[in-house]
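The values are calculated or read from the model by the stated rules, or taken from the named source; none is laboratory data. The structure displayed is predicted, hence computed values, not measured ones. Backbone-built Cβ (ideal geometry, glycine too); neighbour counts: all protein chains shown. SASA here: full protein model, heavy atoms, side chains in, ligands and nucleic acids out. Shrake-Rupley method; radii C 1.70, N 1.55, O 1.52, S 1.80 Å.
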Amino acid sequence: MNGAPGLLLRGRVITPARDIAECSVLVENGRVSWVRPGRIDVAGVELVDRPGQVITPGFIDLQVNGFAGNDAAAGTDSISSIAAALPRTGITAFLPTMITAQLDCMANFVTAVEAAGRAVGPGSARILGAHLEGPFLDPRKRGAHDAELMVEPTEANLDALLAGGLPVMVTLAPERLGAVAAIRRLVALGVTVSAGHSSASLKEAKAGLAAGIGFGTHLFNAMSGLDHHSPGLAAALLDNRDVVIGLIADGYHVDPVLLALAIRLKRPDRVALTTDQTAAAGMPPGPFQLGGRAVLSDGATVRLEDGTLAGSVATMDRMVTLVARLDGVGLRAAVQMATSTPATVVGRGRGLGRIRAGGPADVTVLDRDGQVQMTVIGGRVAFAR
């Protein structure tokens, strides 16, 4: 609380179990003391009560390659800088993400993420662990990844990948030789396995899901799709009620019609908005790095020299606003997809993604237009406009 004895937030509260038009939330000692309907007064605490404000759980992003000029793959200092800058977009917790690289580099990235997590200071977003997007991917669906660095998920290669510690999430292509065994091993270790950058047939995708895949990396992008004769990974992910899917809802990666369709099919409790943001996010147009690869931002998209989309400049607050305006969605569902749903994927009993008595005080305050006004992490004001 930056020295304050407590914090009282008043406005519309999305918990997201409830949506209360007029509500008060008291934060003390890093936790939510209570959530009560109505405009309640409490003496001796800092009051945050602006007209039209919306109080939501802190946003959680499962795929952050970079932000504010920093490429996560550059190491601990860059990851720490990203964590310090993200609260201005409402993010209170995230997974630093690295695209395909040599096995030892990816193992070292896990070590760097763990080091950054131990060193994270007050006012920075929580670092939940590493997301390794590769190297067990399909070169035919490489996207912005370097296909020459993609390898099979053999036992030896998996040993090398895990040499730096356990990542929280690994994205792989379930059709690759040895993938089913790798999925089972990773899941047994407590790692969330995600399917992505894949040409999997429906049968191959379902085999991966049966082995324990629990997430789908950026649905529709860089994966076999919805062909009516040969449905692929996207179809399998949409058809499976249990698996959560990530959506890059920036208006460029997926057409808004398909965004709305996917949300209707999966429902908000199985859709996690993910930015896939790069160092270009939060910055003016120009050249940047993505996992050591040169990319160029035009201010709306990020691309390789050949025009291939390479992550995004999206921020979670803008995604929530965009998705809330889709036909049949609304703000409550959009908030759920940025908070409680990603928390179910990587929350691991932390109590994140909700506003409830006794829970951690990770809160995002928006104005009526969806702009972040304040971000609170562990009861401390990490950002205030």
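Taking the charge dipole of region 264-364 about its Cα centre, with +1 at Lys and Arg Cβ atoms and -1 at Asp and Glu Cβ atoms, the residue from 342, 301, 287 reaching farthest to the positive side is 342.
With only the Cα atoms considered, region 1-81 has a convex hull volume of 140 Å³ per residue.
Extent of region 281-380 along its three principal axes (Cα atoms, max minus min coordinate, largest first): 50, 32, 24 Å.
Here region 153-226 is treated with +1 on each Lys and Arg Cβ and -1 on each Asp and Glu Cβ, and its dipole about the Cα centre works out to around 160 debye.
Net length available on complete extension from residue 50 to residue 368 is 113.5 nm, with 0.36 nm assigned per residue and the Cα-Cα distance removed. Subtracting the Cα-Cα distance of residue 155 and residue 324 from 0.36 nm times their residue separation leaves 56.5 nm of extension gain. The Rg/Rh ratio for region 130-250, using Cα coordinates for both the radius of gyration and the Kirkwood hydrodynamic radius, is 0.94. Averaged per residue, region 98-234 has 38 square angstrom of accessible surface, using a 1.4 angstrom probe with ligands and nucleic acids left out. Short-range pairs are left out: with C-alpha atoms under 8 Å and at least six residues apart, the relative contact order of region 165-216 is 44 percent.
Its residues counted as N, the chain yields a C-alpha radius of gyration over 2.2 N^0.38 Å of 0.95. In this structure, the amide hydrogen of residue 125, modeled 1.01 Å from its nitrogen in the peptide plane, lies closer than 5 angstrom to those of 84, 86, counting only residues at least 5 positions away or on a different chain. The amide H of residue 35, built 1.01 Å from its N in the peptide plane, has 357 as neighbours under 5 Å, considering only residues 5 or more places off or on other chains. Straight Cα distances below 17 angstrom link residue 206 to the aspartates and glutamates 138, 175, 227, 239, 242, with same-chain residues fewer than 8 positions distant left out. Note on region 223-340: antiparallel DSSP beta bridges, both residues inside, total approximately 65 percent of the bridges counted. In plain terms, if you count all Cα to Cα distances in region 3-159 and split them into 5 Å steps from zero, the share in each step is 2, 9, 15, 15, 13, 12, 11, 8, 6, 5, 4, 1, 0 percent. Here's how it looks for residue 61: its modeled amide H is under 5 Å from those of 93, 94, 95, which are all 5 or more places away or on a different chain.
Peptides 117-130, 159-172 ordered by packing proxy, namely the average of other Cβ atoms within 10 Å per residue, highest first: 159-172, 117-130.
Compared with the direct C-alpha span, the chain from residue 148 to residue 303 gains 53.9 nm at full extension, assuming 0.36 nm per residue. Taken about its Cα centre, the chain carries a charge dipole of roughly 1280 debye when the Cβ of each Lys and Arg holds +1 and the Cβ of each Asp and Glu holds -1. With the helix formula -39500 (n - 2.57) applied to DSSP H stretches of n ≥ 4, the chain reaches a computed 222 nm mean residue ellipticity of -7000 deg cm²/dmol. Note on region 179-327: Cα-only Rg and Dmax are 16.0, 44 Å.
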